[in-house]
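The next block holds one structure in the form of structure tokens; read it before the comments.
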């Protein structure tokens with residue numbers, strides 16, 4: 001929606017305690033750069049080699 005991109009490094013698995021439908025956990029800084037307004041939002045991911 002915001003047509004913004006951010007590059008992030010995968011550092012590990014999603015910790016226990018998150019709901020099962022969570023696929024990505026971003027740092028607060030990455031979420032701010034994407035313009036996130038809510039704690040949960042949709043993202044489109046792409047794996048780069």
Mean residue ellipticity (222 nm) of the chain, computed from DSSP H runs ≥ 4 via -39,500 (n - 2.57), nearest 500: -3500 deg cm²/dmol
Distance histogram in 5 Å bins (all Cα pairs of the chain, percent per bin): 4, 15, 32, 28, 16, 5, 0
Least to most buried among 46, 33 (fewest other Cβ within 10 Å first): 46, 33
Residue-span extension gain [residue 49 to residue 33] - 0.36 nm each, minus C-alpha spacing: 3.5 nm
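Values quoted throughout were computed directly from the atomic coordinates according to the rules given, and no laboratory measurement underlies them. These numbers come from a predicted model, not from an experiment. Quick reminder, even Gly has a Cβ in these numbers, built from the backbone with ideal geometry, and neighbours come from all protein chains shown.
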